[in-house]
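Reviewing the structure listed below.
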Amino acid sequence: MITMTHRSILLLLCIICVTGWMTGSVLANDAVVLPVDPEATILPEPVPTHLPGEGISYYDIYTSVDGAAVSFDGIYQGVTAGGVLTVPVHTTATPYAVVSAAKAGYNSAQQTLPVVPPEGETTSVYLTLQPVQPVTGSLSISSSPSGAAVYIKNIYYGTTPQLVTGLTPGNHVVQLTHSGYEPWSQTAGVTAGQTNTVSAVLVRKQELGTLAVSSNPSGAAIYLDGAYYGTTPMTISGLTAGLHDLELTKAGYEDAVMLVSIYADQVTTVSKSLLKISSPSTGSIQVTSNPAYASISVNGIYYGETKPGTPLIISGLSPGRYSVQATLTGYSDAVTSAVVNAGAATPISFSLSPVTPDITTASLKVTSAPAGAMVYMDNVLAGITPLTVPDITPGVRAVTVTLSGYRNQVVSVDLAAGESGSLDVALDPAPVPEQSPAGIPMIILSLICCTILLSCKCRRK
């Protein structure tokens, strides 16, 4: 049987359970769940700089740049705003020793902290942060046209326009290469912390080719773009790529005129069979000269220059007599006449004579011992020895050499036109004049006369 005591206990337990259930429901219904921001950043709080207790004083930390992180003995205190950070400290705590400030792009600065100021007071500390000095420089490289490959010390850096960074200070060789253009190079200076400019104007590469010309029969004169090159067969190199006018002429044959294409680094071959003229109406002249490179004119009309081992062929001349002239600097002009026959080539050879300079004066080199003597040519001062007297009219000339303390020397020289004569003169010392002993008695005699005259005057008085 359940007694009253048991009933009381059971009732108390039920009341406790119901109360607990209701309390849990209320707490569950009243709980507020805060949303979580995944991008929120929790900034570290500065480490307290003082212990709980009595007395607070302050340090004002000034920095030369704003936004510098300040630390006491390596413990972060905060960031300067407006160039200053106020840091509170406890007056009775263990004092800090060193304050430091740091910022990216600047060298850190630090110093010993002054003594902790009295309670409620402030001590100022100033820190100067110097910018980090750059140790490399840059080159801004451009070219016309652009797209050139850039090499510095044989290292490829890309194509123009190009900014090359991280270069050590000093001189660097910049090389540019571009298809179809000549290689370009230049020494450029690099300065730490600066960007220097390099600009290049590229020169288009001259593309050259070769022409090999032959004819049947051989011996035809070759004219390329109107310039005479020699006779067939011949190989002509160093021609610019592109189209060129080629003309082959030979007496008794029809002229062959054509366009030829020259390709870079290739040999273009032309072989031409000349058509014989059944009844030729013109002839030609073949001119050689020694030395070569003489200018040749026929009847006053210039036709070109002779070349070593190759005659200058002048074709298309009507039959008859012609005046042919050869001129070359430093040589006398040469003129001859030539008869041209139809269908034939008339050979002419010039042997040029050097021009002999027309010398009409002479010169004379004069020296003396001792040197420094005055030289007169026909009583006209010419200078001081040693000297060379130029432009002297040929013939007999009187040369006078004088020097103080020495006897004058007069020499006659006979000079011919074009002669370079020489004259060496040894000067003799002039004699020293001796004092005459007769002068002393004359002085004595004069004194005696003066004495007699004075005596006479005294007696009269």
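The values are calculated or read from the model by the stated rules, or taken from the named source; none is laboratory data. What you see is a predicted model; the values in this text were computed from it and never measured. Note that each Cβ is placed from the backbone with ideal geometry, even for glycine, and that neighbours are counted across all protein chains shown. Side chains included, ligands, DNA and RNA excluded: accessible areas come from the protein's heavy atoms. Shrake-Rupley method; radii C 1.70, N 1.55, O 1.52, S 1.80 Å.
Couple of notes before you dig in:
- Residue-count net charge about residue 125 - beta-carbon cut-off 15 Å; Lys, Arg +1, Asp, Glu -1: -3
- In segment 257-361 the Cα-Cα distances spread across 10 Å bins starting at 0 as 13, 34, 27, 18, 5, 2, 0 percent of all pairs.
- Of all beta bridges that DSSP places with both ends in segment 252-367, some 75 percent have antiparallel geometry.
- Distance from the C-alpha centroid of segment 321-387 to that of segment 133-196: 57 Å, rounded to the whole angstrom.
- Shown here are the Rg and Dmax of the Cα trace of segment 53-110, at 11.9, 40 Å.
- By average C-beta atoms within 10 angstrom, highest first, the peptides 246-254, 106-114: 246-254, 106-114
- Around the amide H of residue 289, modelled in the peptide plane, lie the amide H atoms of 350, all under 5 Å away and 5 or more residues distant in sequence or on another chain.
- Filter on 153/205; 250/272; 250/276 - keep pairs with C-alpha separation over 21 Å: 153/205
- Share of pairwise Cα separations in segment 146-227, more than 22 Å, in percent: 46 percent
- Normalised by 2.2 N^0.38 Å, where N is the number of residues, the C-alpha radius of gyration of segment 183-336 stands at 1.51.
- Segment 280-394, accessible surface, carbon-and-sulfur percent (1.4 angstrom probe): 53 percent
- Shape box of segment 305-417 [Cα atoms, principal axes, largest first, Å]: 87, 25, 15
- Pairs of alpha carbons in segment 331-370 whose separation is greater than 14 Å (percent): 71 percent
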